[in-house]
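Derivation of every value follows stated rules applied to the coordinates shown; laboratory data play no part. Please read all numbers here as calculations on a predicted model, not as lab measurements. Because the Cβ atoms are built from the backbone with ideal geometry, glycine has one as well, and the counts that use them run over all protein chains shown.
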């Protein structure tokens, strides 16, 4: 009997070692400890990635710091404010160029925890950041995202809710989206829904409207060669009765919205954007908005609207031919 137990322990030990070796193929770290901080060191292909996140104004706003080192020498560093709490990090070669990238999965601190995923890569002595495409979750999304890095693919899975479902009890299956990191961007390569996510049939008028919307969307996703190479450039901020316009050199089709509290503010992240404005702070004093602030970040431009009261006013954000309009 003693020999049997010893043999079983040896088999279990070998099995555990095998699992550890498999996991080690893609260096990965989960949030250390509890609360609102994250700190890990990852190594891959001779490079060391140090990533940490700490609260700047409560858990909702974090200061993330990333450093890349090789042979004890610091190659690049980055420090930025973000609105998500880091949970998991990977060091792996996502684009097959023989140099590893740092991938970080994060979540918001609100109920449900909306997920996001960033890829950091270095060019010379600079670190760059790529973010997920926006507004791809579809109906029924409330967060609870899970991310997995496998080879060159990034898989994002989340539950899908029906109207009336309480939080934590989704009844409409799940949805998975596959991404790849290519040439400094995270791109959607496949969207796969579970069988019970089939959309209901549309009435003729609704179908015509949906087809028109789909045509418009495809037109925007296939811009002319000139538009494809243009970066969004913010040229001015104007305000009027019940609106604020962010004026740019053209239509802004990709942006991310983040509503934050304490103090109340709305952040608009524009991937690849930059500012041509001399003043980075614009006083507003109407529509419940105190001012607009503009800040450059690695890989994106952030425009922040600061509210005059404790709660940010009701609003909508829409793309115009010359930028974005926030209507109140």
Practice task
For the stretch 25-195, report the translational diffusion coefficient in µm²/s to the nearest whole number, using Stokes-Einstein at 20 °C, 1.002 mPa s, and a Kirkwood Rh over Cα pairs.
Solution key: 128
Handout entry: Distance between modelled label sites at residue 280 and residue 317, nm, 7 Å Cα→Cβ extension
Key = 1.9
Exercise for the section: Taking the Cβ of each residue in 51, 282, 104 as the centre, tally the other Cβ atoms inside 10 Å and list the residues starting with the fewest. Expected result: 282, 51, 104
Practice task
Mind ranking 235-241, 127-133 by how tightly packed they are, going by the mean number of other C-beta atoms within 10 angstrom, highest first?
Solution key: 127-133, 235-241
Fill in the blank from the handout: With a Förster distance of 25 angstrom and the Cβ-Cβ distance between residue 136 and residue 259, calculated FRET efficiency to the nearest 0.05 equals 0.85
Handout entry: When the stretch 230-327 is reduced to its Cα atoms, the Kirkwood hydrodynamic radius in Å
Key = 13.3
